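> Mind having a look at this structure? Questions to follow.
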Amino acid sequence: MSRMLMNILTSCSALVILALQPTTSNATTTPIAFKANDTELSGLLDVPASGEAYAIVIIVHGYGKTNVVEQNWYFDLRSRLLAQGIATFVWDKPGCGESSGEFDPNQSVASSAREVLAAASFLRDQQIAGSQKIGLWGISRAGWIAPLAMAEDRDIEFWISVSGVDAKESFGYLLRSNWKLEGYGKEQIEHLYGQWLRGNHIVANGGTYSEYLDATAALRADPFFVYMSGGDSSVSEAQFDRLVTETRDLSQPNDPDTGLAIYVEDFSSILSNIDASVLALFGARDSIVNWRSTKRLYEDTIGRNSSASLKIVTFSDGNHNLHRSETGSFKEMMKILDSPEMVRGYYDEITTWLNEVVFRDEAERTDEPVD
């Protein structure tokens, strides 16, 4: 029943790094609307006060609803980029903020990638400051979106991946990691995980409601699973039938091991063909996505492409949002949102790397050394 549980995740801000601050004084911030997927999306364009920019970073969201314009999301990140002379562009998802359409928690990553492509095209067509060198910053789910966009738009020159994803659905990793952090033993974890897998197979590949109930009895009674279900892990027959219909209507194929949708087919090949500069940032206490698997995947794909450059940084005390954490558990992550603190060195890594990537060509043109 992981699709229902993933909807719990999409409704919370735990997978989004945000800050509620006034607009920085060293920039001009302009509300901007553009069209993507026949929907008008509303966002914020930040340009240095000088009106000039060496590059522009498109910010790509993770899961969940957004409120960019009203709450001035990503203020800290945007301010630091602006201080380097780099413009930023970020928008609200359909049905969020002032964007038209309806919010879809199950929006495909291909649809989200088309938003990025439309944004990049809009910036170039309007000759927005910095659009001569476009890059992406994205967290979590954006780890699927950014490579898809870059495969279509080869002029996107760099990508900052924060807590990126590997080729597989991550909810099983979340469950197993957090069960361990909750103090469950190995045998208990494997028993519950087996029920989770069996439930997925029944939903995706055929089975009755009664078979599902029998196969997932212990799972649905598990306290952490109940917590992740919003306090109620019961499943009515109508809910089961609806989930079966939604799962079978998906355009993506299912992973044979988990019964879950494969979000990006041939993901390794797509990553292998990236010929841009990539900075990948991970938290060693990430209990949401399998960062070790993603790290290996990046090394085996982007890292082996002679036309690309890859830098990987892992922060020992970082959780999925790269907030400083003690355990990295989902429950702790939710509490940290009340007063988050980025891991030490997070912004330094980004700004130092961007200085090398963005200004390297500028120095070559002017024959001046890069500071």
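The values are calculated or read from the model by the stated rules, or taken from the named source; none is laboratory data. Everything numeric in this text was worked out from a predicted model, so none of it was measured. Glycine also receives a Cβ, built like all others from the backbone with ideal geometry; neighbour counts cover every protein chain displayed. Note: accessible area is taken over every heavy atom of the protein model, side chains too, but ligands, DNA and RNA are not part of it. Shrake-Rupley method; radii C 1.70, N 1.55, O 1.52, S 1.80 Å.
> Per residue, how much space in cubic angstrom lies within the convex hull of the C-alpha atoms of segment 55-166?
Numbers: hull volume 11.4 nm³, N = 112.
So the per-residue hull volume is 102 Å³.
> So how strong a dipole does segment 34-141 carry about its Cα centre when Lys and Arg Cβ are +1 and Asp and Glu Cβ are -1, to the nearest 20 debye? Walk me through the intermediate numbers first.
Working: 9 positive and 12 negative charges, 77 e Å.
Magnitude of the dipole: close to 360 debye.
> Okay, moving on. About the Cα centre of the chain, how large is the charge dipole given +1 on each Lys and Arg Cβ and -1 on each Asp and Glu Cβ? Please answer in debye to the nearest 20. Can you show the working numbers first?
Details: 31 positive and 51 negative charges, 125 e Å.
So the dipole magnitude of the chain works out to roughly 600 debye.
> How much length, in nm to one decimal, is gained on full extension between ALA217 and GLU40, taken as 0.36 nm per residue of separation minus their Cα-Cα distance?
Details: separation 177, 0.36 × 177 = 63.72 nm, distance 4.46 nm.
My answer for the length gained is 59.3 nm.
> For the chain, what relative contact order do you get, as a whole percent, if you take Cα pairs closer than 8 Å and at least 6 residues apart?
Details: 693 pairs, mean separation 58.7, N = 371.
It comes to 16 percent, rounded to a whole number.
> List, in order, the whole-Hz ³J(HN,Hα) value for each residue of segment 270-275 obtained from phi through the Karplus relation with A = 6.51, B = -1.76, C = 1.60 and θ = phi - 60°; use x for Gly and Pro.
These are the phi-based 3J(HN,Hα) values: 4, 5, 5, 8, 5, 10 Hz.
> Right, here's the next one. Can you work out the Karplus-derived ³J(HN,Hα) for every residue in segment 141-152? Use 6.51 cos²θ - 1.76 cosθ + 1.60 with θ = phi - 60°, whole Hz, and x for glycine or proline.
Coupling constants for segment 141-152: 3, 4, x, 8, 5, 4, x, 4, 5, 5, 5, 8 Hz.
> Putting +1 on Lys and Arg Cβ atoms and -1 on Asp and Glu Cβ atoms, find which of ALA129, SER163, LEU174 reaches farthest to the positive end of the dipole of segment 125-179.
Final value for the positive-end residue is LEU174.
> Still on this structure: Alpha carbon centre of segment 115-160 versus segment 77-101: separation in Å?
Taking the Cα centre of each part, segment 115-160 and segment 77-101 sit 13 Å apart.
> Please report the carbon-and-sulfur percent of the accessible area for the chain; probe 1.4 Å, protein heavy atoms only, DNA, RNA and ligands left out. The partial results should precede the final answer.
Values: 7110 of 15990 Å².
On the chain, the fraction of accessible area on carbon and sulfur atoms equals 44 percent.
> Using 0.36 nm times the number of residues separating THR351 and GLN71, minus their current alpha carbon distance, what extension gain do you get? All intermediate terms of the calculation are to be shown ahead of the outcome.
Numbers: separation 280, 0.36 × 280 = 100.80 nm, distance 2.40 nm.
So the extension gain works out to 98.4 nm.
> For LYS93, list long-range residues whose amide hydrogen, built 1.01 Å from N in the peptide plane, is under 5 Å from its own amide hydrogen.
For LYS93, whose amide H was placed from the backbone, the distant partners under 5 Å are THR66.
> Normalised by the empirical 2.2 N^0.38 Å for globular proteins, what value does the Cα Rg of the chain take?
Details: Rg = 20.9 Å, N = 371, 2.2 N^0.38 = 20.8 Å.
My calculation over the Cα atoms of the chain gives 1.01.
> Using +1 at the Cβ of each Lys and Arg and -1 at the Cβ of each Asp and Glu in the chain, identify which of SER307, SER140, ILE56 lies farthest towards the dipole's positive end.
Farthest towards the positive pole: SER140.
> Angle, helix 291-300 long axis vs. longest principal axis of the chain, Cα atoms, 0 to 90°, nearest 10?
Between helix and principal axis, roughly 60 degrees.
> What is the set of long-range amide H partners of SER309 at a cut-off below 5 Å, with H atoms built 1.01 Å from backbone N?
Here the answer is ALA276, SER277, VAL278, since their amide H atoms fall under 5 Å of that of SER309.
> For a distance above 18 Å, tell me the whole-number percent of Cα pairs in segment 70-131 that qualify.
On the way: 937 of 1891 pairs.
Beyond 18 Å sits 50 percent of the P(r) for segment 70-131.
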